[in-house]
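The values are calculated or read from the model by the stated rules, or taken from the named source; none is laboratory data. Keep in mind that this is a model prediction, so the values were computed, not measured. A quick note on method: Cβ atoms are made from the backbone with ideal geometry, for glycine too, and the neighbour counts reach across all protein chains shown.
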Protein chains: 2
Amino acid sequence: MSHAYEFARPALTVDIVVFGFDSEYGEEDLKVMLIQRDLAPYEGGWALPGGFVRVEETLDDAARRELAEETGLKDIYLEQLYTFGAVERDPRERVVTVAYYALVNLEGHDIQANTDARNAAWFPVSDLPELAFDHQEILDVAHERLRGKVRYQPIGFELLPDRFTLRQLQHLYEVILDRELDKRNFRKKVLAMEIVKETKEIEKDVAHRAARLYHFDKRTYDRLTKQGFNFEI
Amino acid sequence: MSHAYEFARPALTVDIVVFGFDSEYGEEDLKVMLIQRDLAPYEGGWALPGGFVRVEETLDDAARRELAEETGLKDIYLEQLYTFGAVERDPRERVVTVAYYALVNLEGHDIQANTDARNAAWFPVSDLPELAFDHQEILDVAHERLRGKVRYQPIGFELLPDRFTLRQLQHLYEVILDRELDKRNFRKKVLAMEIVKETKEIEKDVAHRAARLYHFDKRTYDRLTKQGFNFEI
């Protein structure tokens, strides 16, 4: 930090991996939101939402601003992921990007394509188009982080509606972890965690037998989010 | 990522929190390496080693270069921690810093004060001088990360010599976690992990009764580092 302010400096951006989970309409894939670029390089290609960090805003503020501008998403769970600085990751010039990841329950969130972007859309993580820049790598790191975190923080719960069935919760974990889980074992472990509490309600308007709805115990949730836990599934 | 290259851009630095553990001479505190600044701001104050990212180098390379230049430390375990971007964190201008943390076994590592820095020295984490910039906050986040990581990755082992006693290993964990651990329980859990293997050697030249030396099973270590584990202590 001594005397190098006169050096040429890399440009600084933020990029956001927004994961979405839709438990409502049978579309239970883990999704990610992409923006179709309207400018070169990669014109017409798909990319993570993001943009340049302004001199007067924090990194978190830049991520929230870009997300709102490009997708209309506001007030969502956002966490810094990792900073990517490969020298040739942007063909135009040296650009370092601070990546974030966000979790969204798709119920009740609309995406509005902004003037900045030709198009914004959700894609299943398992079936993505080719991504611009190193965005596939960033997405892979975010997915890996999500898989790791659900094992020691109750983070995945952000992706469910307020009231949910244990089937929905199990499916969420299966989608994030990308493997099938044993139903009885899963339920036993989840309920032992004391985050998930039974409600008096059951599902409405479903073709199958209506299942019990559960909700989170917010206090236990906050405590475990802070101190971490072991959820071996 | 569209059309903002003409904007003013923050400066970009790296800063490195180097943790050191000396199990050899009874000095078993967790230490951190600081550099005494020889330029304003905070002239004469203590700070983390670090400096500006050059346009032609990766972030990891910048961290390794600054560490070598300012401290002489090379070939050590280094991991990206978090990127700090508070708007006023540097009084001169907007500077965003990508923080790293490193783990060093102090046995066999000398620090050489470089021309860049008036002085480089190890300080006990529990007894630090006032730090320049937001470096205390960065150090706190690094310490918290280290405490978290030793619970699900065998990361702390980087801080021990090749051959070590279970007493040294327990003390390392006590120092990182900042609490006393039950000896019998700790040994049972460590040996159950199958990372730590008994050798045929015992301590030499010690005043107390010589204890058995252990070493790591490198293969188990690499596998567990990759997949993570739960080490509830």
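Here is a list: A:Val175, A:Val196, A:Val190, A:Val141. Which entry is among the aliphatic types (A, V, I, L, M), in the same structural domain as A:Arg89 (by TED's automatic domain parsing) and surrounded by 14 or more Cβ atoms within 10 Å (Cβ to Cβ)?
Every option except A:Val141 fails the conditions.
Can you tell me which of A:Leu213, A:Leu224, A:Leu166, A:Leu181 is under 25 Å from A:Tyr100 (Cα atoms) and either of a type in the set (A, V, I, L, M, F, W, C) or not assigned by TED's automatic domain parsing to the domain that holds A:Asp29 (or both)?
Result of the check over A:Leu213, A:Leu224, A:Leu166, A:Leu181: A:Leu224.
Take region B:62-82 and flag every residue that is in contact with a helix residue (DSSP H, G or I) (Cβ under 8 Å, 6 or more places away or on another chain) and farther than 18 Å from B:Gly148 by Cα.
B:Leu73, B:Lys74, B:Ile76
Filter region A:60-80 for residues that are among the aliphatic types (A, V, I, L, M) and crowded, with 22+ Cβ neighbours inside 10 Å; which is farthest from A:Glu137 (Cα to Cα)?
The selected residue is A:Leu73.
Output the residues belonging to region A:41-79 that are in contact with a Pro (Cβ under 7 Å, 6 or more places away or on another chain) and at the interface with chain B (Cβ under 8 Å from one of its Cβ atoms).
A:Val53, A:Val55
Can you run down the residue pairs with Cβ atoms below 6 Å, 6 or more apart or on separate chains, where the first is in region B:80-104 and facing chain A (nearest Cβ under 10 Å) and the partner is of a type in the set (S, T, N, Q) and surrounded by 21 or more Cβ atoms within 10 Å (Cβ to Cβ)?
Listed by first residue and then by second, the contacts come to B:Thr83/A:Thr83; B:Phe84/B:Thr97; B:Val95/B:Thr13; B:Thr97/B:Thr13; B:Val98/A:Thr83; B:Val98/B:Thr83.
Would you pick out the residues in region B:168-194 that are in contact with a Ser or Thr (Cβ under 6 Å, 6 or more places away or on another chain) and at pLDDT 85 or above?
B:Gln168
If you scan region B:80-107, which residues turn out to be touching a Pro at 6+ places or on another chain (Cβ under 8 Å) and β-branched (Val, Ile, Thr)?
Residues satisfying the conditions are B:Val95, B:Val96.
Just for helices (runs of 4 or more DSSP H) wholly inside region A:132-233: which have at least 3 residues that are in contact (Cβ under 8 Å) with a residue 24 or more places away in the chain and in contact with a Pro (Cβ under 7 Å, 6 or more places away or on another chain)?
Counting at least 3 such residues, we get A:218-227.
For region A:1-43, enumerate the residues that are hydroxyl-bearing (Ser, Thr, Tyr), assigned by TED's automatic domain parsing to the domain that holds A:Glu69 and modelled with pLDDT under 90.
Within region A:1-43, A:Ser23, A:Tyr25 qualify.
What number of residues in region A:85-113 are closer than 18 Å to A:Val17 by Cβ and modelled with pLDDT under 80?
2
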